[in-house]
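Asks: The structure is given below, and queries will be raised subsequently.
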Amino acid sequence: MNFNLFLIILIALILIFCIILYNGIRIFLAVGKEKGMVKYEFKVTILKIPIFKRAGNEGIINIIRSNPDEDSEESEEDDSKSKDKNAKSEEKSSKSEDKAQTGKSSKDKAEDDKTSEPEEEEEEKSLREKYREYKPILKELKKSKRELKAYLNKLLKAINLKKLEGHLILGLSDHTTTVKIASWIWSIGAIVNSKKPTLLTVEPRFNEVIIDFEGILELKINLLLIIIYSLLLLTEKNIIELIKELYRQKKAKDKGNEEEEEAVKEQEPTIVEEEVVNESENN
């Protein structure tokens, strides 16, 4: 009797868990700008219970450019004159320095060329080694290209767009550009708004300079479908070979790191002995 009760409770818990996963998580994002303030709200819910929520607002500093006064113009002229004098003196000093360094520059260039050649060779060797290291993984990825593509398409089906709304209030100093931008958004909205959850609108303003907006995005992600698709992907032969190759590469890296650590540990006593010998010789 107790065993039967345990089975009933277990099956009930599994069903509840599957319902929660099938209902998935909902992601809600709302952004809006009004009177120099940007407001945002980000929320993640499961069964309409918020598990993560963040909201706030940030101010935007509008830089107002005023017309320059006569005093500022005079000060700018004085500054430009002083800058010209300093530039001329710097040019004279730079010419004298260039003449003194012409003899050294040819020697330095020759030495730089000699040192750069081995560095370039080392870089090429490291790139070749990396390519050889990742070549088997790239081969397995190429083989499993079809499975991964199908998996990504299934993941997109598991993501459901519930709401996408956007409203823009646009007013520029040039009325023609305002009309152009508004007409572009209207034409895009005519195509996008044919689908149910999307609504993109624009409101042009010709009596003021303003850019305000508000937008809402709501997604539903079916976690149960994602888990099922992921488990089905792991049963594919090419994916299994890819995972095996990744495990082999990780194992080889760990082995190489262990060998390097052992080599360093073996070298440490010899280094200590050399230091002791040198100290005794100095004494």
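Asks: Evaluate the following for Ile16: is it among the β-branched types (Val, Ile, Thr) and part of a helix (DSSP H, G or I)?
Replies: On the way: among the β-branched types (Val, Ile, Thr): yes; part of a helix (DSSP H, G or I): yes.
The answer is yes for Ile16.
Asks: Please work out which residue is modelled with the highest pLDDT, limiting yourself to segment 254-269 and to residues that are under 20 Å from Lys135 (Cβ atoms) and either open to solvent by 100 Å² or more (accessible area, probe 1.4 Å) or more than 30 Å from the chain's Cα centre (by Cα) (or both).
Replies: Filtering first and then ranking leaves Lys255.
Asks: Go over the candidates Leu223, Leu170, Leu242, Leu164 one by one and state the one that is under 31 Å from the mean Cα position of the chain (by Cα), open to solvent by less than 80 Å² (accessible area, probe 1.4 Å) and either within 22 Å of Glu41 (Cα to Cα) or hydroxyl-bearing (Ser, Thr, Tyr) (or both).
Replies: Leu164
Asks: Something else about it: Please determine, by comparing only the residues of segment 207-220 that are hydrophobic (A, V, I, L, M, F, W, C), open to solvent by 40 Å² or more (accessible area, probe 1.4 Å) and at pLDDT below 90, which one is nearest to Asn57 (Cα to Cα).
Replies: Residues of segment 207-220 hydrophobic (A, V, I, L, M, F, W, C): 209-211, 213, 216-217, 219.
Next cut, open to solvent by 40 Å² or more (accessible area, probe 1.4 Å) only: 209, 211, 213, 216-217, 219.
Imposing the further condition that a residue be at pLDDT below 90 reduces the set to 209, 211, 213.
On the way: Val209: 22, Ile211: 17, Phe213: 14 Å.
Out of the qualifying residues, it is Phe213.
Asks: Can I ask one more? In the list Ile49, Ile11, Ile20, Ile60, which residue meets the criterion of being among the aliphatic types (A, V, I, L, M) and either at pLDDT below 55 or in contact with a His (Cβ under 6 Å, 6 or more places away or on another chain) (or both)?
Replies: Residue meeting the stated conditions: Ile60.
Asks: Kindly provide the set of residues from segment 19-31 that are open to solvent by less than 100 Å² (accessible area, probe 1.4 Å) and outside any strand (DSSP E or B), ordered by number. Quick ask: steps written out before the conclusion?
Replies: Step one: filter segment 19-31 for residues open to solvent by less than 100 Å² (accessible area, probe 1.4 Å), giving 20-21, 23-31.
The answer is Ile20, Leu21, Asn23, Gly24.
Asks: So which residues in segment 32-49 are in a strand (DSSP E or B) and either hydroxyl-bearing (Ser, Thr, Tyr) or open to solvent by less than 50 Å² (accessible area, probe 1.4 Å) (or both)? Give the steps one after another, and end with the answer.
Replies: Step one: list which residues in segment 32-49 are in a strand (DSSP E or B), which gives 32-34, 37-46, 49.
If the condition is that a residue be in a strand (DSSP E or B) and either hydroxyl-bearing (Ser, Thr, Tyr) or open to solvent by less than 50 Å² (accessible area, probe 1.4 Å) (or both), then Gly32, Lys33, Val38, Tyr40, Val44, Thr45, Ile46 are the ones that fit.
The values are calculated or read from the model by the stated rules, or taken from the named source; none is laboratory data. Note that the coordinates shown come from a computational prediction; the quantities given were computed from them, not determined experimentally. No Cβ is skipped: glycine too gets one built from the backbone with ideal geometry, and neighbour counts run over all protein chains shown. The area values use the complete protein model at the heavy-atom level, side chains included, leaving out ligands, DNA and RNA. Shrake-Rupley method; radii C 1.70, N 1.55, O 1.52, S 1.80 Å.
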